[in-house]
Structure formats: structure tokens, C-alpha cells
Amino acid sequence: MAQGIEKIHDRFIPVIQYNNENSLSSVLTLAFLSAMQYYMKPIREFPTGKGFADFVYLPKPEYLGGMPALLVELKWDKDAGTAIAQIKNRHYVDTLKDYTGDILLVGISYRKKTKRHHCVIERVKYV
């Protein structure tokens with residue numbers, strides 16, 4: 001997954017805007033285009049009781065049970081595991097309590113100096 005995000009980032013974001021949080025957010029929006037058949041429009045800065053999840057992707061009603069919801073947290077110059085820890089520590093999953101099924105926690109990190117992306121994905125079942 002990290003390689004796909006990196007490829008989109010390299011191909012579509014101008015060098016002058018590359019090291020910018022909005023640019024990486026745009027990359028995730030572009031990546032969504034390949035999954036838009038299955039997911040509703042992504043929700044940016046999804047409010048939770050203890051902060052905001054950077055992105056939430058919810059399956060379209062006809063794909064509930066077949067596609068997981070995605071909770072995505074972005075980090076700059078930090079480990080992708082830090083993003084997963086933030087999702088857990090701030091109880092972001094609780095915001096999807098009315099959604100039943102699998103939820104993927106997705107932590108994406110980006111190193112400004114090396115322009116490398118890393119991704120950690122964990123599956124949770126919220127019932």
C-alpha cells in the first residue's frame with residue numbers, strides 16, 4: 001500500500017508542494033478513485049470524542065459486510081505505528097459504533113527528507 005501511495009504522490013504532486021500535509025491528503029483522495037465503486041466519499045477530519053481522524057472511508061450500503069470501514073491517520077516524520085497508537089489511544093474506533101463489521105486501522109507515515117512512505121494496517125472487529 002505504501003508503494004502505491006508513494007507512486008501517486010510522486011506522479012501527481014508538484015515538487016514545490018510535495019512536503020505539505022494537504023498534498024498527502026490529496027494523494028489519499030486520488031487513491032480513493034480506484035475504490036469509489038465500493039466506498040462513499042471519504043470524510044476528512046472526522047470528529048471523535050478525543051480528536052479528529054484524518055480520513056474515514058465507509059462502504060456503500062450495498063457493500064456493508066463485504067468491505068471494511070477504513071480509519072486513516074497520517075503522520076509526518078514519525079513511525080506509522082504512532083498513527084495506529086493515536087487511533088487506539090483516542091478511541092477513534094468508537095465513532096464507528098453504529099457500523100458493524102470489520103474496520104481497518106491504517107497508519108501512514110511520510111518522511112520528508114527521504115520522501116518515503118510507510119504503512120501499518122490492523123484489522124479490528126467492532127460489534
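The values are calculated or read from the model by the stated rules, or taken from the named source; none is laboratory data. Keep in mind the model is a prediction, meaning the values are calculated, not measured. Cβ placement follows ideal geometry from the backbone for every residue including glycine, while neighbour counts extend to all protein chains displayed. Note: areas computed on protein heavy atoms with side chains; ligands, DNA, RNA excluded. Shrake-Rupley method; radii C 1.70, N 1.55, O 1.52, S 1.80 Å.
Can you tell me which residue in region 75-127 is nearest to Pro61 (Cα to Cα), limited to those that are in contact with a helix residue (DSSP H, G or I) (Cβ under 9 Å, 6 or more places away or on another chain) and among the aromatic types (Phe, Trp, Tyr)?
Once the filter is applied, the top-ranked residue is Tyr126.
Any idea which residue in region 89-100 is surrounded by the most Cβ atoms within 10 Å (Cβ to Cβ), counting only those that are touching a Ser or Thr at 6+ places or on another chain (Cβ under 8 Å) and not in a helix (DSSP H, G or I)? Walk me through how you get there before you give the answer.
To start, the set of residues in region 89-100 that are touching a Ser or Thr at 6+ places or on another chain (Cβ under 8 Å) comprises 90-92, 94-95.
Checking the rest, the ones that are also not in a helix (DSSP H, G or I) come to 90-91.
Working: Arg90: 17, His91: 12.
Looking at the filtered set, the residue picked out is Arg90.
Looking at region 53-88 only, could you name the residues that are open to solvent by 40 Å² or more (accessible area, probe 1.4 Å), touching a residue at least 24 places away in the same chain (Cβ under 8 Å) and either polar (S, T, N, Q) or in a helix (DSSP H, G or I) (or both)?
Tyr63, Thr82
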